[in-house]
Amino acid sequence: MSTEAIPAKSASTAFWQGARLSIPVVVASGPFAMLFGAIAVDNGFSVFEAFLMSAAVFGGASQMVGIELFGHHVAPWLIVLSIFAVNFRHVLYSAAIGRSLSHWSAPKQAIAYFLLTDPQYAFAESEAQSGRKVSFVWYMGAALTVYFFWNVLTLAGAIAGTFIPDTSALGIDFLLPIYFLGLVMDFRKRPLWLPIVIVSAIASIVAYKTVGSPWHVSLGALAGVALAVILPPSHSGIGTDPEHLP
């Protein structure tokens, strides 16, 4: 059934169900949004420019990388390349969930891909994996909640400026990685989950030590994809679950 055919009450329920899923994401990412706003202003951005960058890019890690490079007067092409390296995993995310969004219109898919984040990908994959059709209203409930608060808190951080505390000193910088680790664990019953996670982690660490940041993110992801291609579930008993095989 298409999103347009959902009754108003059902659409409202689906939207708020998606929104509730994103509350932990908002709590975990909020300090980073505020920190980005403060750092952006500290690097010469106006409050409006900091807010505009957050609204247009909507990528926490890439925004942090970009603002740091802006502050060091790095060549524009290198900034673009670095941000692409950080966000390359979203190309893989888009390819993975594309089949679950194929029943949407092209404009709706374009909006969905713009709002795609790490947790949003995990939400959509979990929904599809459970056998339910991913509805546009539900997806937007989850995505828009994060988008709205990310930008509002960026604005708050930009206004507050240097009054934002050091998130590393408070240990707040661990909230988002811990939350995302929980999302990754949700897929532990999928075929080859453990070998892929281990290979991706090792490749990412090696790349971080040799090539450096931000390339370790994309290289770790590519290593996991390569293993999945080399050892398809139907040809390997490692990490497989008969209930989840095609």
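The values are calculated or read from the model by the stated rules, or taken from the named source; none is laboratory data. Worth saying up front: this structure is predicted, and the values here are computed from it rather than measured. For neighbour counting, all protein chains shown are included, and Cβ atoms are generated from backbone atoms with ideal geometry for every residue, glycine included. Ligands, DNA and RNA are stripped out before the accessible areas are found, and what is left, the full protein with its side chains, is counted by its heavy atoms. Shrake-Rupley method; radii C 1.70, N 1.55, O 1.52, S 1.80 Å.
Are there any pairs with C-beta distances below 7 angstrom linking a residue in the range 57-68 that is more than 11 Å from residue 29 (Cβ to Cβ) to a residue that is open to solvent by 40 Å² or more (accessible area, probe 1.4 Å) and outside any helix (DSSP H, G or I), with the two at least 6 apart or on different chains, and if so which?
Qualifying pairs under 7 Å: 67/43.
What number of residues within the range 47-68 are open to solvent by 50 Å² or more (accessible area, probe 1.4 Å) and modelled with pLDDT of 85 or more?
7
Taking the condition of being modelled with pLDDT of 80 or more, over 26 Å from residue 128 (Cα atoms) and surrounded by fewer than 17 Cβ atoms within 10 Å (Cβ to Cβ), how many residues in the range 175-220 meet it?
Total meeting the criteria: 7.
Does residue 139 meet the test of being at pLDDT below 90 and more than 25 Å from residue 69 (Cα to Cα)?
no
In the range 120-155, which residues are more than 26 Å from residue 51 (Cβ to Cβ), open to solvent by less than 50 Å² (accessible area, probe 1.4 Å) and outside any loop (DSSP other than H, G, I, E, B)?
Passing the criteria: 122, 124, 125, 126, 127, 128, 136, 137, 138.
Looking at the range 81-99, which of the residues that are free of Cβ contacts under 8 Å to residues at least 24 places away in the same chain and aliphatic (A, V, I, L, M) is nearest to residue 58 (Cα to Cα)?
Checked the range 81-99; the qualifying residue nearest to residue 58 (Cα to Cα) is 91.
For residue 95, state whether it is outside the structural domain of residue 218 (by TED's automatic domain parsing), open to solvent by 50 Å² or more (accessible area, probe 1.4 Å) and either out of contact with any Ser or Thr (no Cβ under 7 Å at 6 or more places or on another chain) or not in a helix (DSSP H, G or I) (or both).
It is true that residue 95 is outside the structural domain of residue 218 (by TED's automatic domain parsing), open to solvent by 50 Å² or more (accessible area, probe 1.4 Å) and either out of contact with any Ser or Thr (no Cβ under 7 Å at 6 or more places or on another chain) or not in a helix (DSSP H, G or I) (or both).
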